[in-house]
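The values are calculated or read from the model by the stated rules, or taken from the named source; none is laboratory data. Just so it is clear, the structure is predicted and the values come from calculations on it, not from any experiment. Neighbour counts are summed over all protein chains in view; Cβ atoms, including those assigned to glycine, are modelled from backbone coordinates with ideal geometry.
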Amino acid sequence: MKIIAQMMEILEESATFLEAEILFEELFRQKAEECFQECMERLDKKCIQSYKDQGYEID
């Protein structure tokens with residue numbers, strides 16, 4: 001669980017709870033962005049396959 005290790009690192013290295021909270025917000029924003037990117041890539045592949053199944057040629 002990479003995210004647990006990252007959270008532990010933030011807690012251990014932060015001088016204050018406010019600093020940790022700011023770093024957690026950045027971490028969660030980054031993880032949400034990664035998840036959204038993965039979803040969009042999967043959707044893109046699904047759409048491309050749909051067009052290929054209809055006979056279109058896609059590079």
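From the list I48, I58, which one is assigned to a helix (DSSP H, G or I) and either under 19 Å from the mean Cα position of the chain (by Cα) or of a type in the set (A, V, I, L, M) (or both)?
Working: I58 fails: assigned to a helix (DSSP H, G or I).
That would be I48, the only listed residue that is assigned to a helix (DSSP H, G or I) and either under 19 Å from the mean Cα position of the chain (by Cα) or of a type in the set (A, V, I, L, M) (or both).
Got a number for residues in the stretch 5-45 being touching a helix residue (DSSP H, G or I) at 6+ places or on another chain (Cβ under 9 Å), among the polar types (S, T, N, Q) and part of a helix (DSSP H, G or I)?
Residues that pass the stated criteria total 1.
Determine, yes or no, whether K31 is farther than 18 Å from I3 by Cα, at pLDDT 95 or above and basic (K, R).
In short, no.
For the stretch 1-18, give me each residue that is farther than 17 Å from R29 by Cα and at pLDDT below 95.
Within the stretch 1-18, just M1 meets the criteria.
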